[in-house]
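Chemist: Attaching a single structure in structure tokens format; questions to follow.
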Amino acid sequence: MADLSERDWARAALVAWGRGGLPAVAVEPLAAELGVTKGSFYWHFSNRAALVLRTVELWERLATDDVIARLETIDDPADRLRALFREAWDRIDFLRAEAAIGASAATGDPVVRPVYERVQSKRLDYVTRLYRELGAPRARARRLAIAAYGAFLGSVQIVLLGAAGLRTDGELRAQVRVFDELLIPRGTDGVGGAG
């Protein structure tokens, strides 16, 4: 694999981050996993912090920007919300990476935290917009978005802790039906109410 790109390194780092937290984003183990020397790393990155930044930016693109772009091809906002839930609660390994990146941000890591905060803002704004498109007043739409996002973050923690009921991709996907029932309003009464 002599032709590894910066993105290949970042993808491998993202997987490692999900498995073992930020300490797992280490040059030598990643090089061994990729079947290359450390020289390949230094061809693309000046130091580990540069890899961490590239990795968290890749996560931002894959787990937020690309998801939103795909969802925007769906006309109905309720269908977009359903599709978002299916995508967000799709794979255990994705939620583990989400948890590990969140943990790094929570420690105040100066590379991770600004990107993590930007991602949270993008996600909440997007879900708020979906609820607004469903007819919710602005303040209620934001509260609904916070509830939906809180359910997602709670699931991330459940997966991280290995709690019963969310240990496999299948169990996770089955949970989506519950989130659909709880978080996608049925009819206009479901999104209305006091602002």
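Since every read-out is calculated from the coordinates, none of them should be taken as a lab result. Because the structure is predicted, anything quoted here is derived from the model rather than measured. Quick reminder, even Gly has a Cβ in these numbers, built from the backbone with ideal geometry, and neighbours come from all protein chains shown.
Chemist: What is the diffusion coefficient of the range 100-160 in µm²/s, taking the Kirkwood radius over Cα pairs and the Stokes-Einstein relation at 37 °C with a viscosity of 0.692 mPa s?
Modeler: On the way: Rh = 12.5 Å.
Rounded to a whole number, D works out at 264 µm²/s.
Chemist: Can you give the angle from 0 to 90° between the axis of helix 138-161 and the longest principal axis of the chain, with both taken from C-alpha atoms, to the nearest 10?
Modeler: Helix 138-161 sits at roughly 40 degrees to that axis.
Chemist: Based on the alpha-carbon gyration tensor of the range 1-148, what equivalent-ellipsoid semi-axes (square roots of 5 times the eigenvalues) come out, in whole Å, largest first?
Modeler: Values: eigenvalues 227, 48, 30 Å².
Ellipsoid half-lengths, sorted descending, are 34, 16, 12 Å.
Chemist: Moving on to the next point. What Rg and what Dmax come out for the range 50-121 when only alpha-carbon atoms are used, in angstroms?
Modeler: Looking at the range 50-121, its Cα Rg and Dmax stand at 13.3, 40 Å.
Chemist: Shifting gears a bit: Given Cα positions, please report Rg to Rh for the range 1-64, the hydrodynamic radius being the Kirkwood one. Mind showing how you got there, number by number?
Modeler: Details: Rg = 10.7 Å, Rh = 11.5 Å.
Dividing the radius of gyration by the Kirkwood radius yields 0.93.
Chemist: How large is ³J(HN,Hα) for each residue in the range 93-106, as worked out from phi by the Karplus curve 6.51 cos²θ - 1.76 cosθ + 1.60 (θ = phi - 60°), to whole Hz, x for Gly and Pro?
Modeler: Values per residue, Gly and Pro as x: 5, 5, 5, 5, 5, 4, 5, 5, 5, x, 5, 5, 5, 5 Hz.
Chemist: Would you work out which of LEU51, ALA97, VAL115 lies farthest towards the positive end of the dipole of the chain, given +1 charges on the beta-carbon of Lys and Arg and -1 on that of Asp and Glu, about the Cα centre?
Modeler: Sorting the options by dipole projection puts first VAL115.
Chemist: Can I ask one more? Any idea what the relative contact order of the range 59-190 is, in percent, if you count C-alpha pairs under 8 Å spaced at least 6 apart? Kindly include the intermediate steps, with their values, before the conclusion.
Modeler: Numbers: 103 pairs, mean separation 44.3, N = 132.
Relative contact order for the range 59-190 comes out at 34 percent.
Chemist: Using a 7 Å offset from the Cα along the Cα-to-Cβ direction at both ILE74 and VAL178, what is the distance between the two label points in nm, to one decimal?
Modeler: Placing both labels 7 Å along Cα→Cβ, they lie 2.1 nm apart.
Chemist: Give, rounded to the nearest 20 debye, the magnitude of the charge dipole that the chain has about its Cα centre when Lys and Arg contribute +1 at Cβ and Asp and Glu contribute -1 at Cβ.
Modeler: Values: 27 positive and 26 negative charges, 103 e Å.
Charge dipole, the chain, about its Cα centre: 500 debye, nearest 20.
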